[in-house]
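The values are calculated or read from the model by the stated rules, or taken from the named source; none is laboratory data. From a predicted model like this one, the values you see are computed outputs, not experimental measurements. All Cβ positions, glycine included, derive from the backbone under ideal geometry; neighbour counts span all protein chains shown.
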Amino acid sequence: MGFLISIFLSYRMRQFLALEPEKHGKWDELLKRILIISAVLLAIASGLNKHVPMFLAGYGILFWLCWNIYKLPEFSGIRSLMFSIAPLGAVTFLDDTFSFFLPSFYDEYDYFIQIGIIGGWVWFIATFISFQKQHKALKTERELRQKESKEAQLIAARKAVLELLVQERTSELKDQNEKLQQALNDLSAAQTQLIHSEKMASLGELTAGIAHEIQNPLNFINNFSELNAELADELKHALDNGDTEEAYAIINDIKNNQQKVVHHGKRADSIVKSMLQHSRGSGSTKEQINLNDLADECIRLSFHGMRAKEKSFNAKMETHFSDEVGQVEAVPGDVSRVLLNICTNAFYAVMQKSKKQIDGYSPVVVLETGVSNDKVWVKIKDNGDGIPPEALDKIFQPFFTTKPTGEGTGLGLSMSYDIIKKGHNGDIRVESVPGMGASFIIELPKK
């Protein structure tokens, strides 16, 4: 029986070691030899006289196998099998030993020994089933680890390939980045030139508007100055004739005319100052400005600037100023540039619609000011064709324009957005109804 158990245990040990053959190659060969030797000895023992104690060799091999399983860490996973087979091996060893060496004792206690053998088999079968489950789970776990190991090796190989590809791609991207940087520099230079062109175009429109707007006060100044010269001659004639009453009347007329000359002179001076503020460029120095006066100046200048381009153009201007607006801290040149740009766009919109010769259409641009909470606002509204819905989200993007090619750079509203949002911590937004017109609302902090 010892040979049979040794053969079985050797076979199971080889199965266990087969799960990780790279770690236990020497033990597999040794167990294979033990398996063969046990089988050969079993065959020899079966043919020999029963008086030869060959069975002791089988139990010696079994003991040696159990001892290695118990002591060596590489067999820790199979120790449960050893404990399941050990009772059966011990009982059969006693059975063979007593029957050979103490036959009288064996005959007397054979019944109890057979019960022990039956118990050993029951224990072996019960624990062997449990061992099989553990062995199967262990096998599954090791197969999973092997699979993960192979996947890890595959991932490592792919990683190496990817790193090589990344290095190549990085080199390509570096070259592309240098080219893009150069293109960006060229684009930045072109953008700077376009912004300068936009400012010059704005200045040109302002100059045209000023030329028309300043003509009125200059005409008044010239007319009243000529009239005062004539009145001075009449005054001299009245004094020569001693007509004091007439002289005083002429003096009052000269005084009234001179007041009108001063008024229109100040009007011309205000227009010139507005031009200078606009032309000096963007600055960072904020001043206290009268927003109502500045807005009124800008809508008039933009109107006359449009009329300078289109002699036949005419439109109605409406202004509604709130007395609550008062003084606002802002950069005058920047705010005037924004107002001029939006007012000019409003007049352009109504001019384009008026060219369609729609019955009953009368172009109107309305400018309003007011106060809401801690902000002042300026609203510029026109009754043109409005802005298409698909363009509303892009209206403040650089280089975007709804005007035909050649009639706009697409920088006016973009610059206005930056001036109000970034330069003044304000807000600018647009409302539009297609076919009815558009409104631009500018909000500035009230300080």
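Restricted to region 293-310, and to residues that are surrounded by fewer than 17 Cβ atoms within 10 Å (Cβ to Cβ) and modelled with pLDDT of 80 or more, which residue is nearest to GLY384 (Cα to Cα)? Out of the qualifying residues, it is GLU310.
Conditions (1) among the aliphatic types (A, V, I, L, M); (2) under 25 Å from ARG12 (Cβ atoms); (3) surrounded by fewer than 10 Cβ atoms within 10 Å (Cβ to Cβ), marked per residue:
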{"residue": "ILE125", "(1), (2), (3)": "yes, yes, no"}
{"residue": "GLN132", "(1), (2), (3)": "no, yes, no"}
{"residue": "LYS136", "(1), (2), (3)": "no, yes, no"}
{"residue": "ALA160", "(1), (2), (3)": "yes, no, no"}
{"residue": "VAL166", "(1), (2), (3)": "yes, no, no"}
{"residue": "ASN177", "(1), (2), (3)": "no, no, no"}
{"residue": "GLN181", "(1), (2), (3)": "no, no, no"}
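Within region 311-354, restricting attention to residues that are more than 45 Å from the chain's Cα centre (by Cα) and exposed (fewer than 13 other Cβ atoms within 10 Å of the Cβ), the residue that is modelled with the highest pLDDT is LYS316. Of SER130, SER171, all but one fail to be among the polar types (S, T, N, Q), in the same structural domain as ILE78 (by TED's automatic domain parsing) and without any contact (Cβ under 8 Å) to a residue 60 or more places away in the chain; the exception is SER130.
This table checks each residue for (1) basic (Lys, Arg); (2) in contact with a helix residue (DSSP H, G or I) (Cβ under 8 Å, 6 or more places away or on another chain).
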{"site": "THR344", "(1), (2)": "no, yes"}
{"site": "TYR348", "(1), (2)": "no, yes"}
{"site": "LYS356", "(1), (2)": "yes, no"}
{"site": "VAL366", "(1), (2)": "no, no"}
{"site": "THR369", "(1), (2)": "no, yes"}
{"site": "LYS379", "(1), (2)": "yes, no"}
{"site": "ASN383", "(1), (2)": "no, yes"}
{"site": "GLU390", "(1), (2)": "no, no"}
{"site": "ASP393", "(1), (2)": "no, no"}
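Annotation note: Cβ proximity below 8 Å between a residue of region 426-447 that is of a type in the set (Val, Ile, Thr) and a residue that is assigned to a loop (DSSP other than H, G, I, E, B) (sequence gap 6+ or interchain) occurs for ILE428/PHE396; VAL430/ILE387; VAL430/ILE395; VAL433/GLY386; ILE442/GLY426.
With respect to GLU297, determine if the residue is in contact with a helix residue (DSSP H, G or I) (Cβ under 7 Å, 6 or more places away or on another chain), on the phi < 0 side of the Ramachandran plot and of a type in the set (Asp, Glu). So GLU297 passes the test. For region 76-102, the candidate set comprises residues that are hydrophobic (A, V, I, L, M, F, W, C) and touching a His at 6+ places or on another chain (Cβ under 9 Å); within that set, the residue that is farthest from ILE117 (Cα to Cα) is ILE78. Is one or more of the residues making up region 348-355 outside any helix (DSSP H, G or I), over 21 Å from GLY305 (Cβ atoms) and assigned by TED's automatic domain parsing to the domain that holds ALA438? No, region 348-355 contains no residue that is outside any helix (DSSP H, G or I), over 21 Å from GLY305 (Cβ atoms) and assigned by TED's automatic domain parsing to the domain that holds ALA438. If the condition is being within 45 Å of the chain's Cα centre (by Cα), under 17 Å from ALA438 (Cβ atoms) and surrounded by fewer than 18 Cβ atoms within 10 Å (Cβ to Cβ), then region 357-372 contributes VAL364, GLU368.
I'd like to know if region 264-275 contains one or more residues that are assigned to a loop (DSSP other than H, G, I, E, B) and at pLDDT below 90. For region 264-275, residues assigned to a loop (DSSP other than H, G, I, E, B) and at pLDDT below 90: absent.
The residue pairs whose first member lies in region 306-327 and is assigned by TED's automatic domain parsing to the domain that holds THR344, whose second member is assigned to a loop (DSSP other than H, G, I, E, B), and whose beta carbons are closer than 6 Å, counting only pairs six or more residues apart or on different chains, are MET306/PHE313; ARG307/PHE313; ALA315/PRO363.
Among the numbered conditions (1) at pLDDT 85 or above; (2) over 19 Å from SER416 (Cα atoms), tell me where LYS286 comes up short. The failed condition is (2). Among the residues of region 80-95, not a single one is under 18 Å from LEU17 (Cβ atoms), without any contact (Cβ under 8 Å) to a residue 60 or more places away in the chain and surrounded by fewer than 14 Cβ atoms within 10 Å (Cβ to Cβ).
The combined condition, being modelled with pLDDT under 80 and either surrounded by 17 or more Cβ atoms within 10 Å (Cβ to Cβ) or part of a strand (DSSP E or B) (or both), is not fulfilled by THR405.
Within the option set SER80, SER76, SER104, being of a type outside the set (D, E, K, R) and closer than 19 Å to SER6 by Cβ holds for one residue only, SER80.
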